[in-house]
Amino acid sequence: MSRRPHTKSRIKVCDKSVFHLQDKKADESALTNGLIKSAKRTGQLTLSGRGLGTVPENVWKIEELVLEDVKEIDFAREDRHNWWNSEPLKFLDISSNAITAIPPEVKLLQDLVTLKLHDNALTSLPEEIGELKNLSNLSLNHNKLAALPASFFRLGELRWLSLAHNQLQKIQPEFGDLVMLTFLDLSHNKIDTLPPGMGYLVRLVELNLSHNQLQELPPDIVNLRDLKKMNISNNNLRSLPALGELRRMEILDANHNDIQELPDFYGCTALKEIYLANNYIKEITEEFCDQMHHLNVLNIRDNQLEVLPENVSLLQKLKRLDLSNNSLNKLPKNLGLLTQLQSISMDGNKLSFVRQDVIRGGTDRMMKFLRDRMHEEMQAETRVNEDQWPDKFTLKKNQALMIPGRELRTVPDEVFQNAAEAQVHIVDMSKNILTKVPTGISIVRDTLSQLVLSSNHLSELPPEVGQCRHLQLLDISKNSLSELPAALEALKELRELVISNNKFTHIPHCVYSLENLEILLAAENKISEINVSSDALAKLSRLAVLDLANNSIASVPPELGNFTHLRSLELMGNVFRQPRHAILAKGTASILAYLRDRIPAK
């Protein structure tokens with residue numbers, strides 16, 4: 001058995017300990033002449049992570065220091081290092097040390113704009129810190145501060161302040177004097193009450209109060225009109241005030257509290273993300289759904305929800321919905337109308353009518369289940385009232401005009417007029433015998449997000465469909481279409497296009513202008529080529545699913561392998577010989593890799 005030859009390691013081993021305590025002399029030596037020169041030239045000094053127990057005294061006198069090596073001065077020679085070109089110290093970083101106190105001499109740095117003191121062992125601050133009139137950014141997080149000196153609130157230019165991970169128990173009313181603050185982090189302290197003066201911080205854009213002991217928020221918190229992000233998670237809050245005055249707030253994190261009811265959000269027109277996990281909320285109200293049309297994320301897991309309102313379908317921009325670990329035993333059928341949902345979590349509920357494999361099968365499977373169930377219920381309703389059109393109440397309740405499988409040849413404009421007044425989002429006219437798209441479709445163009453015309457006798461699509469600018473799903477499969485109008489280029493929000501089972505010989509050129517298209521299903525046609533040029537498929541940068549199965553494609557261009565954004569590519573049932581069936585059977589990743597390997601070298 002052979003042994004590996006001994007090779008001398010090139011790695012230099014440092015014999016210094018990873019962490020060692022320094023004495024005052026060692027602390028003073030940390031401020032070298034090189035650092036002093038650099039600080040005088042740039043106005044910045046960094047002594048972070050040096051193991052300091054005290055701040056070198058010369059830091060406070062750095063603007064007065066004259067280095068000994070400057071013996072001769074030649075005014076004729078341009079030299080940026082000369083004292084007459086020096087910059088006052090504006091940036092000082094002495095973070096990540098073991099400093100226990102800041103001396104009164106800190107007041108000498110009158111030009112200081114940024115002071116970083118985080119990750120030290122400070123138990124107090126000197127009164128003199130209030131004399132830093134130009135201080136704008138101050139980080140004090142990860143120290144041992146239990147209180148702030150009265151002079152602290154004279155820092156009138158302070159805009160960025162972090163006091164997270166300290167031992168603060170009380171916030172003085174004078175905190176409201178820091179009126180220039182735009183960022184404030186008080187998280188991970190022991191604060192149980194906020195003073196009314198907090199409402200004077202009207203320039204705050206981000207406020208973090210998480211991991212404290214707050215039981216309520218002061219009423220004037222709603223005066224923070226510029227606030228965009230508020231984190232009040234991990235407190236003891238039992239309720240929240242009406243938040244409608246916070247018109248610019250985009251993110252609210254109130255996870256891990258004792259909140260029992262949703263607050264009034266009327267007026268929060270910019271709110272995009274709400275996090276209310278681990279509370280005691282029992283109901284999502286109809287008023288909440290009416291107010292939150294613009295919401296993208298709702299996390300309300302680990303609460304006590306028992307029911308969802310039918311008008312949950314109004315949350316049309318919702319992308320992530322987490323309802324895990326509640327007490328839900330049924331779901332509104334309209335939940336399937338949330339067309340933009342990318343993630344939905346339902347596990348940990350009592351949904352006896354939904355199989356566990358569906359719940360655990362991910363978002364796509366859950367949404368398909370909900371839509372199929374909604375479709376079945378709609379069909380059942382239409383069978384009972386075959387000779388009747390949906391009334392205004394039904395349209396308003398379902399937010400959809402569902403008239404599939406009625407052997408319809410046309411639909412009166414009055415039906416679309418009622419649908420427009422009810423602001424329907426979905427029109428389903430599938431499984432009829434329509435030879436033309438009803439002209440009334442343009443009446444609902446302002447609200448329509450899904451149009452299903454599959455399984456009819458359509459031989460052409462009118463340009464008016466291109467007026468439905470908010471359309472996200474267009475299903476025209478199982479018809480007799482061979483071309484699409486150029487006007488469909490205007491459907492810039494379209495995410496899914498289904499043209500399967502038609503007579504297309506190529507992918508219509510207008511499709512390549514649908515910049516947000518994610519799913520293109522074109523199986524069972526007569527398509528003969530795949531155009532991957534820069535003015536064709538290459539323009540669809542968001543395309544994730546492409547189905548071209550069972551067409552007449554004679555060859556697959558190797559450049560298709562560069563379309564790595566494709567999650568699903570179906571090419572079975574065509575006439576090409578390469579890639580072989582064995583490659584196709586391995587799935588999308590293998591097909592793309594195979595094609596990339598065959599791209600000619602340049």
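The values are calculated or read from the model by the stated rules, or taken from the named source; none is laboratory data. Everything numeric here is computed off the predicted structure, so don't read it as measured data. In this analysis, Cβ positions are derived from the backbone assuming ideal geometry, glycine residues included, and neighbour counts consider all displayed protein chains.
Is it the case that Leu543 is at pLDDT below 95, in a loop (DSSP other than H, G, I, E, B), of a type in the set (A, V, I, L, M) and touching a strand residue (DSSP E or B) at 6+ places or on another chain (Cβ under 9 Å)?
Criteria met by Leu543.
Kindly provide the set of residues from region 169-206 that are in a loop (DSSP other than H, G, I, E, B) and buried (at least 21 other Cβ atoms within 10 Å of the Cβ), ordered by number.
Correct list: Ile171, Leu178, Leu181, Leu186, Ser187, Asn189, Leu194, Leu201, Leu204.
Step by step: first the residues of region 277-291, then only those that are closer than 23 Å to Ser233 by Cα and touching a helix residue (DSSP H, G or I) at 6+ places or on another chain (Cβ under 8 Å), then the one that is surrounded by the most Cβ atoms within 10 Å (Cβ to Cβ). Which residue is that?
Filtering region 277-291 for residues that are closer than 23 Å to Ser233 by Cα and touching a helix residue (DSSP H, G or I) at 6+ places or on another chain (Cβ under 8 Å), the one surrounded by the most Cβ atoms within 10 Å (Cβ to Cβ) comes out as Ile284.
Collect the residues in region 428-481 that are in contact with a helix residue (DSSP H, G or I) (Cβ under 6 Å, 6 or more places away or on another chain) and either of a type in the set (Phe, Trp, Tyr) or surrounded by 21 or more Cβ atoms within 10 Å (Cβ to Cβ) (or both), keeping them in residue-number order.
Scanning region 428-481 gives a single hit, Val444.
Within region 502-528, can you find the residues that are surrounded by fewer than 16 Cβ atoms within 10 Å (Cβ to Cβ) and of a type in the set (Asp, Glu)?
Residues of region 502-528 surrounded by fewer than 16 Cβ atoms within 10 Å (Cβ to Cβ): 503, 505, 509, 515-516, 526, 528.
The answer is Glu515, and nothing else.
I'd like to know if region 585-592 contains one or more residues that are of a type outside the set (Gly, Ala, Ser), outside any loop (DSSP other than H, G, I, E, B) and surrounded by fewer than 17 Cβ atoms within 10 Å (Cβ to Cβ).
Our first condition is that a residue be of a type outside the set (Gly, Ala, Ser); within region 585-592, this holds for 586, 588, 591-592.
When the remaining residues are screened for being outside any loop (DSSP other than H, G, I, E, B), the result is 588, 591-592.
Retained after the next criterion (residues that are surrounded by fewer than 17 Cβ atoms within 10 Å (Cβ to Cβ)): none.
No, that holds for no residue.
Evaluate region 463-470: report whether one residue or more is within 19 Å of Phe563 (Cβ to Cβ), under 32 Å from the mean Cα position of the chain (by Cα) and aliphatic (A, V, I, L, M).
Checked against the condition, which is being within 19 Å of Phe563 (Cβ to Cβ), under 32 Å from the mean Cα position of the chain (by Cα) and aliphatic (A, V, I, L, M), region 463-470 yields no hits at all.
Mind listing just one residue for me: the one in region 539-549 that is of a type in the set (A, V, I, L, M, F, W, C) and under 29 Å from the mean Cα position of the chain (by Cα) and, of those, surrounded by the most Cβ atoms within 10 Å (Cβ to Cβ)?
Residues of region 539-549 that are of a type in the set (A, V, I, L, M, F, W, C), as a first pass: 540, 543-546, 548-549.
With under 29 Å from the mean Cα position of the chain (by Cα) added as a condition, the list becomes 540, 543-546.
Values: Leu540: 21, Leu543: 20, Ala544: 15, Val545: 16, Leu546: 23.
Here the answer is Leu546.
One line per residue, one yes/no per condition, for (1) closer than 14 Å to Ile36 by Cα; (2) modelled with pLDDT of 95 or more; (3) of a type in the set (A, V, I, L, M, F, W, C):
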{"residue": "Glu68", "(1), (2), (3)": "yes, no, no"}
{"residue": "Lys71", "(1), (2), (3)": "no, no, no"}
{"residue": "Asp74", "(1), (2), (3)": "no, no, no"}
{"residue": "His81", "(1), (2), (3)": "yes, no, no"}
{"residue": "Leu108", "(1), (2), (3)": "no, no, yes"}
{"residue": "Leu117", "(1), (2), (3)": "no, yes, yes"}
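Consider region 88-135. How many of its residues are touching a Ser or Thr at 6+ places or on another chain (Cβ under 8 Å), crowded, with 20+ Cβ neighbours inside 10 Å, more than 12 Å from Val55 (Cα to Cα) and in contact (Cβ under 8 Å) with a residue 40 or more places away in the chain?
Residues in region 88-135 being touching a Ser or Thr at 6+ places or on another chain (Cβ under 8 Å), crowded, with 20+ Cβ neighbours inside 10 Å, more than 12 Å from Val55 (Cα to Cα) and in contact (Cβ under 8 Å) with a residue 40 or more places away in the chain: 2 in total.
Check whether at least one residue in region 116-137 is within 18 Å of Val59 (Cβ to Cβ), outside any loop (DSSP other than H, G, I, E, B) and in contact with a Phe, Trp or Tyr (Cβ under 8 Å, 6 or more places away or on another chain), and report yes or no.
Yes, the conditions are met somewhere in region 116-137.
Of everything in region 546-568, what is of a type in the set (Asp, Glu) and touching a strand residue (DSSP E or B) at 6+ places or on another chain (Cβ under 6 Å)? Give them in sequence order.
In the first step, residues of region 546-568 are kept if they are of a type in the set (Asp, Glu); the result is 547, 559.
The answer is Asp547, and nothing else.
Find all pairs meeting these conditions: Cβ atoms under 8 angstrom apart; at least six residues apart or on different chains; first residue within region 264-289 and farther than 18 Å from Leu227 by Cα and touching a residue at least 40 places away in the same chain (Cβ under 8 Å); second residue buried (at least 19 other Cβ atoms within 10 Å of the Cβ) and among the aliphatic types (A, V, I, L, M).
Cβ pairs passing all conditions: Ala277/Ile300.
Which of (1) more than 26 Å from the chain's Cα centre (by Cα); (2) aliphatic (A, V, I, L, M); (3) buried (at least 18 other Cβ atoms within 10 Å of the Cβ) is the odd one out, the single condition Ala536 does not satisfy?
The number of the failed condition is (3).
Do we have any residue at all in region 230-251 that's closer than 15 Å to Asn278 by Cα, crowded, with 20+ Cβ neighbours inside 10 Å, touching a Cys at 6+ places or on another chain (Cβ under 9 Å) and not charged (D, E, K, R)?
Within region 230-251 (the criterion being closer than 15 Å to Asn278 by Cα, crowded, with 20+ Cβ neighbours inside 10 Å, touching a Cys at 6+ places or on another chain (Cβ under 9 Å) and not charged (D, E, K, R)), the answer is no, since none of the residues qualifies.
Could you identify the single residue in Thr447, Thr439 that is more than 25 Å from Asn525 (Cα to Cα), over 30 Å from the mean Cα position of the chain (by Cα) and hydroxyl-bearing (Ser, Thr, Tyr)? Can you show your working first?
Details: Thr447 fails: over 30 Å from the mean Cα position of the chain (by Cα).
After ruling out the rest, the residue left standing is Thr439.
Quick one: which residue in Gln423, Gln417 is under 36 Å from the mean Cα position of the chain (by Cα) and surrounded by fewer than 20 Cβ atoms within 10 Å (Cβ to Cβ)?
Details: Gln417 fails: under 36 Å from the mean Cα position of the chain (by Cα).
Matching residue, one of Gln423, Gln417: Gln423.
Which of the residues that make up region 513-540 are touching a strand residue (DSSP E or B) at 6+ places or on another chain (Cβ under 7 Å) and part of a helix (DSSP H, G or I)?
none
Does Lys317 satisfy being surrounded by fewer than 19 Cβ atoms within 10 Å (Cβ to Cβ), of a type in the set (D, E, K, R) and within 23 Å of Ala400 (Cα to Cα)?
The answer is yes for Lys317.
I'd like the residue in region 27-43 that is touching a strand residue (DSSP E or B) at 6+ places or on another chain (Cβ under 9 Å) and not in a helix (DSSP H, G or I) and, out of all such residues, is farthest from Ser96 (Cα to Cα).
By that ranking, first place goes to Gly43.
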